[in-house]
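Report on the following structure.
The values are calculated or read from the model by the stated rules, or taken from the named source; none is laboratory data. Here the structure is a predicted model, which is why all the values come from computation and not from measurement. Glycine also receives a Cβ, built like all others from the backbone with ideal geometry; neighbour counts cover every protein chain displayed.
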Amino acid sequence: MKARLFPRDEKWERRMAVENAYMDDVALKLGVFDQRCFYQAFEEFEHQSIEESLVSDNLIIRILATKIF
């Protein structure tokens, strides 16, 4: 696991405690995601409003929202 590579910022504890907690630019740069991350993000995106998706902590959801919006 690349956990030791994550910066110890305000999201660190949640990243370590919850699988795929944050798909943000740091996670994408480190390559710590797989197709499950996309499918989980899409599932969440599909069941919430565009407004909620645009401000999501999950970068994949924000990307989906901006492409559709």
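Key figures
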| quantity | calculated |
| --- | --- |
| Considering residues of the stretch 31-69 that are modelled with pLDDT of 90 or more and polar (S, T, N, Q) only, the residue nearest to Lys11 (Cα to Cα) | Ser56 |
| Inter-residue pairs, beta-carbon under 9 Å, first at positive phi and exposed (fewer than 13 other Cβ atoms within 10 Å of the Cβ) and in the stretch 34-48, second assigned to a helix (DSSP H, G or I) and hydrophobic (A, V, I, L, M, F, W, C), 6+ apart | none |
